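Q: First, the structure itself, so that you have it in front of you.
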Amino acid sequence: MKENTWAYIGGKQVKLVDAKVGIMTHALHYGTAVFEGIRGNWNNAHNKMYVFRLREHYERLIRGCSILRINLPYSVEEYCQITIELLKKNNFQEDVYIRPLAFKGAEMVANLKLHELEDEFALIILPFGSYIDNDKPIRCQTSSWRRPEDAIMPTGVKITGLYTTSILAKTEAVMAGYDEAILLNNDGTVSEGSGENLFMIKDGIISTPTETDNCLLGITRDSVIELAKKYFNKNVVQRRIHRSELYLADEIFLTGTAAHVTSVGELDNRKISDGKIGEFTKNLQKRYFDTVTGANSDYLNWCTKI
């Protein structure tokens with residue numbers, strides 16, 4: 001990390017080393033925060049950074065804030081401008097991970113009433129390489145942990161407390177020798193990866209869990225659905241998927257801001273088809289990477305150029 005890296009907190013840019021919260025901060029004790037993960041992708045040929053779907057990420061942040069009764073004095077446009085200014089201040093010339101965090105910043109440990117707690121916003125930007133190696137298929141494990149139901153914890157937005165389940169699942173999988181975890185719903189149907197949406201292909205049909213299967217309403221998920229239609233003339237079917245269907249799939253891939261488009265070659269010690277990156281997944285990866293790095297003129301409106 002560069003010594004002069006800057007963050008945003010308390011309504012102003014500050015040195016990252018000086019961006020701190022107190023030990024009694026409510027969000028630290030109760031997970032009362034909403035976050036986003038946004039990618040800034042460096043394009044060497046253009047000597048520019050392209051931030052992918054910046055506006056849509058902040059629109060989702062605001063939806064999460066509404067659920068947690070976090071009321072901040074920023075519009076989507078203002079969030080975007082704060083982010084652009086901080087990117088310019090840091091001047092990274094490499095891929096970055098952008099992490100906005102809206103949280104209950106009151107130093108009140110014993111108060112469980114959201115509407116009585118003051119709110120805060122912070123933003124950090126960090127250099128970020130590959131979260132998962134996209135050049136080869138990964139090995140996954142069906143987790144013993146289940147995805148929470150939306151009636152227990154809102155699953156369509158990125159509430160920090162919700163991700164304890166994902167962390168437990170990911171840790172369990174990696175310690176067992178796998179790369180990633182697949183989480184099921186309480187009824188045994190498929191929900192998502194620990195931090196990614198899931199797609200499967202069987203007999204040329206692409207399927208993904210529905211928005212009511214407790215999966216995150218992923219922005220990469222939405223992008224892939226549109227790219228599949230535009231470039232491959234394929235409509236993605238959103239439906240309930242049984243665990244056993246995954247074992248018999250022709251291809252499985254995961255999507256997410258950090259993971260991009262990642263092929264699954266093995267699940268629970270069973271190869272998916274021949275265990276290699278499938279033809280569709282490989283072609284989709286190419287279209288997706290061109291899109292997020294500003295090399296696809298059809299979707300430059302999805303990219304904010306820095």
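Q: What is the sum of charges around PRO209, taking Lys and Arg as +1, Asp and Glu as -1, for the other residues whose C-beta is under 14 Å from the C-beta of PRO209?
A: -3
Q: Taking the chain as a Gaussian network, Cα atoms linked when under 10 Å apart, which of GLY256, GLY11, GLY37 shows the biggest mean-square fluctuation?
A: Evaluated over the chain, the most mobile residue of the options is GLY11.
Q: So what is the calculated 222 nm ellipticity per residue for the chain, using -39500 (n - 2.57) for each DSSP H run with n of 4 or more, over all residues, to the nearest 500 deg cm²/dmol?
A: It comes out at -8000 deg cm²/dmol, rounded to the nearest 500.
Q: To the nearest 20 debye, what is the magnitude of the charge dipole of the range 208-306 about its Cα centre, counting +1 on the Cβ of each Lys and Arg and -1 on the Cβ of each Asp and Glu?
A: I would put it at about 120 debye.
Q: A follow-up question, please. Projecting each Cα onto the charge dipole of the chain (Lys/Arg +1, Asp/Glu -1 at the beta carbon, about the Cα centre), which of ALA249, GLY37, ALA169 comes out farthest on the positive side?
A: Of ALA249, GLY37, ALA169, it is GLY37.
Q: Counting only other residues whose beta carbon sits under 14 Å from that of LYS104, what net charge do I get with K and R as +1, D and E as -1?
A: In short, -3.
Q: Which values of log₁₀ I(q)/I(0), to two decimal places, follow from the Debye formula for the range 1-124 at q = 0.12, 0.13, 0.22 Å⁻¹ with a uniform point scatterer at every Cα?
A: Cα-only, vacuum Debye calculation for the range 1-124: -0.47, -0.54, -1.30.
Q: Let me ask you something else. Roughly what % of DSSP beta bridges within the range 138-292 run antiparallel, to the nearest 5?
A: Just about 70 percent of them are antiparallel.
Q: Follow-up. Among PHE92, PHE121, rank each residue by its count of other Cβ atoms within 10 Å, from fewest to most, as a rough exposure measure.
A: Fewest to most other Cβ atoms nearby, the residues stand as PHE92, PHE121.
Q: A further question follows. For the chain, which span is the longest to avoid every loop-located (per DSSP) member of trypsin sites (Lys or Arg not before Pro) having at most 16 other Cβ atoms inside 10 Å?
A: With a cap of 16 other Cβ atoms within 10 Å, the longest stretch comes to 114-238.
Q: Along the charge dipole of the chain, Cβ charges K/R +1 and D/E -1, which of PHE232, PRO154, VAL190 sits furthest on the positive end?
A: It is PHE232.
Q: Quick one: of LYS20/LYS88; LYS20/LYS305; LYS202/LYS234, which pairs are farther than 24 Å apart, Cα to Cα?
A: Pairs exceeding 24 Å: LYS20/LYS305.
Here, each number is a calculation from the coordinates, and none is a lab measurement. All of these numbers come straight from a predicted model, not from anything done at the bench. Don't worry about glycine lacking a Cβ; one is built from the backbone with ideal geometry, like all the others, and counts go over all protein chains shown.
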